[in-house]
1. Could you tell me the calculated FRET efficiency between residue A:50 and residue A:70, based on Cβ-Cβ distance and R0 = 30 angstrom, to the nearest 0.05?
2. To the nearest 20 debye, what is the magnitude of the charge dipole of the stretch B:1-153 about its Cα centre, counting +1 on the Cβ of each Lys and Arg and -1 on the Cβ of each Asp and Glu?
3. Using the Kirkwood radius over C-alpha pairs as Rh, can you work out the diffusion coefficient of the protein assembly as shown via Stokes-Einstein at 10 °C, viscosity 1.306 mPa s, in µm² per second?
4. When DSSP beta bridges are limited to those with both residues in the protein assembly as shown, what percentage is antiparallel, rounded to the nearest 5?
5. Check cross-link reach from residue B:284 to the lysines: straight Cα distance under 20 Å, and skip same-chain residues fewer than eight apart.
6. ³J(HN,Hα) across the stretch B:162-179 via Karplus (A = 6.51, B = -1.76, C = 1.60, θ = phi - 60°), whole Hz, x for Gly/Pro?
7. With +1 on the Cβ of every Lys and Arg and -1 on the Cβ of every Asp and Glu, and nothing else charged, how large is the dipole of chain B about its Cα centre, in debye rounded to the nearest 20?
8. Check cross-link reach from residue A:144 to the aspartates and glutamates: straight Cα distance under 12 Å, and skip same-chain residues fewer than eight apart.
Amino acid sequence: MAACATGPGRDALRQMIATVRTRKDPSPVHATPVAYDEMLGLANQVPPAAAYAQIERWLANTPREELLRKRGEAELLFRRIGITFAVYGEGGDPERLIPFDIIPRILAQAEWQRLATGLTQRVRALNAFLADVYGGKEIIRAGKIPEALVVQNEARRPIMAGFKPPGGIYTHISGIDLVRTGPDKFYVLEDNCRTPSGVSYMLENREAMLRLFPRLCHRHRIAPVAHYPEELLTTLKEAAPPNCPGEPNVVLLTPGPFNSAYYEHCFLADEMGIEVVEGADLLVQDKRVYMRTTAGPKRVDVIYRRIDDEFLDPQVFREDSLVGVPGLMSAYLAGNVALANAPGGGIADDKAIYPYVPDMVRFYLGEEPLIANVPTYLCERDDDRKYVLEHLDELVVKLCKGSGGYGMLVGPHATAAERADFADRIKAKPGDYIAQPTLALSTCPTLVEAGVAPRHVDLRPFVLSGKDVRIVPGGLTRVALREGSLVVNSSQGGGTKDTWVLEGEGPLEAAISQEQQQC
Amino acid sequence: MLSRTADCLFWLARYMERAGNIARGLEVASRMASVAGDEAGEEEVWRSLLVAAGCDYGFFEKHERAVQDKVVHWLVFDEENPSAIASCLAAGRSNARSVRTALTVAMWSTLNDTWNELRKLPPAATEGEKLPGFLEWVRERVLLFNGAAHDTMLRDEAKLFVQLGTMLERADCTSRLLDVRHEILEPTADGAVAHAQWQALLRSVSAGRAYQWVYRDRLQPKKIAELLILRPELPRSLMACLSDVAQTLETIAVGQGGRRGECHRLAGELQSRLHYGRIDGILKGGMHEFLTEMIERTAVLGSEIEAFYIKA
């Protein structure tokens, strides 16, 4: 081990992590409870979680400078490939890199299996709910969910009523955001059934790790993720209308280069070998969709659309949409083209509908939910609102329509003035707000300037629904890089980590010689 | 292939070629200006460069006289001039950005690096003695881009549309360079005065040595005209460029099961005229008239290609 003596060593590493964890929370009223660390547990347990045994040793034996140098290499890699995320309205260069943390987040095979089963269950229920909402509305008649919440919901698309997409699938690609508070405690924070993004980071993060740390990766026997584009293409082909002759022509519809996720659109299309089209590249004739090619119009069967419902078709939704395709919905409703995800899927991931998802699981599947919801207060309900207004300093308040961490109050970290402002907003429009307890989100060891420190993380697995439900092991781990911050969104200073689901029992024991080479 | 992709690749190639051609024009003009003798002659050199580049109107709206530093700035940096080298690179890059998946990494990084470097240059970078070095850099970057396209692109329609753009723009450029100098190639031109101009003209299409290889003779205006218009060996002659366009269009048509349109007919017509044409006949009918028609027909060919493949 002599060659590795320049690393901080296990005790020092634990000291670094422990110091941050016991630091007094700056908010005067309610300190955030001590978070569960995915490597060290609640009380710096010895030994660490089995899945992290190798990572702990690696971190203890690698000097800070070496880790920072590797991080620099990773950044260079990402910049060269041009993986950027656009942040608008804040001045400066809108093309930014999402910070990448080189310390992986690890899930044991058994942990992942439980999650995968729970995710499959949840997405099946969401699809069943959508079919019901646009069909017989049985869940409303059974009194499990208030009618007004569904009928008056802005995300509902009345035009979809009575239409059944091929296979009865509405949300082909779902991003389910999970958080963790203990060894076995995972919660669904929110569902994304519209156009969830981030999967390209999941893929590129793995590529970067394999290039930067080939040995460490090898030793961990990580379940691969690189087949995601193939699984996605299979799912999209399975969504093709039944009248589609032969091999379906699948395209990806993007709003264009100025969209924040344009890089991801090109990346996925490239990986799947399909065309990236803009609205103007498509035309509708006799309720059939064609793309304009150099050899004349070519029929399109499946559209993986990465533009929002409102902009899909100016004849049906927003008239001023320049990125959509006039007549697209008529072709869709005639069953001549498939859209993934189906329009109107947003009603299933609406924050006001979210509290009812466990009931959906029971109602449609007759099963108990395997992954719980975060307890949620609906400000619309008198009792709930009263509780929320009295406990603003403990709760996280969210705008039902908000996304990306905007329009959100983290009570314990907010000032009195901010809380008062939110109280007024809630009273003015109670239906727009929900509140949840401030969870002690789990932390993972993360590289910061001073060395290794715990930072809060979440997880977005991507669930594909076609003839089968397919989930690539893991997902995108987002990490709140600011100390103590619970907001992981990339638009709010969040970063990402590679997520490792281990095959088999755990990492291989490293031989000493390998260990030294790794250093 | 998507029409929009074809459109972006076609124009990306045209803009890159145009940037290189503007640099070539500037190189020749600054050389000719230095041997022009008097101020009036110098101004004439710069004025005819503006005409050849097709951006004299815009220039004279802004400036009174065609003096070197004004013309150079107009043709290199001025964003109001869509044919300025900086504008060409910016337009090329924005075309490239919207079809990233159709470009190879080598093409994109060449273009992106060039654009980034040019953006950082101070206006003084083209002053006086720095000008030749700068122009050489531009030409080299365009060569690198063309090489990247040639070496790294898949042999499919995407590459063919890049090829079409490059060759059509190049044909247009050669016609224009010749046209503004047509008097020096008329049989009546004074050999002693014109010799330096002949040399400069050949240089502008990288044909100084080529002339000797093809003719092994003293410079003669008729042979220079023949070389630049009719000889298939010279890569920038009208014949070479337009027959390349015709062949490329044919390859695309074959790949699409024989689908052809007006652009194919017109390209074939232009190619035959050059293939079977004689320089004596062209001079007899008037070189200026011939070149004006070629410029026009090339422009029509460009619109026909767009009408058939892109805007259909």
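1. Values: r = 25 Å, r/R0 = 0.82.
Efficiency, rounded to the nearest 0.05: 0.75.
2. Working: 17 positive and 22 negative charges, 169 e Å.
Magnitude of the dipole: close to 820 debye.
3. On the way: Rh = 30.9 Å.
In µm²/s, the coefficient rounds to 51.
4. Details: 51 of 69 bridges.
Counting only bridges with both partners in the protein assembly as shown, antiparallel ones make up about 75 percent.
5. Within reach: B:222, B:223.
6. Couplings: 5, 4, 4, x, 4, 5, 5, 5, 5, 4, 4, 5, 4, 4, 5, 4, 5, 5 Hz.
7. Numbers: 38 positive and 43 negative charges, 209 e Å.
In debye, rounded to 20, chain B gives about 1000.
8. A:359
Read-outs throughout are calculated quantities, based only on the coordinates presented, and are distinct from any laboratory measurement. Just so we're clear, the structure is a prediction, and the values are computed from it rather than from any experiment. No Cβ is skipped: glycine too gets one built from the backbone with ideal geometry, and neighbour counts run over all protein chains shown.
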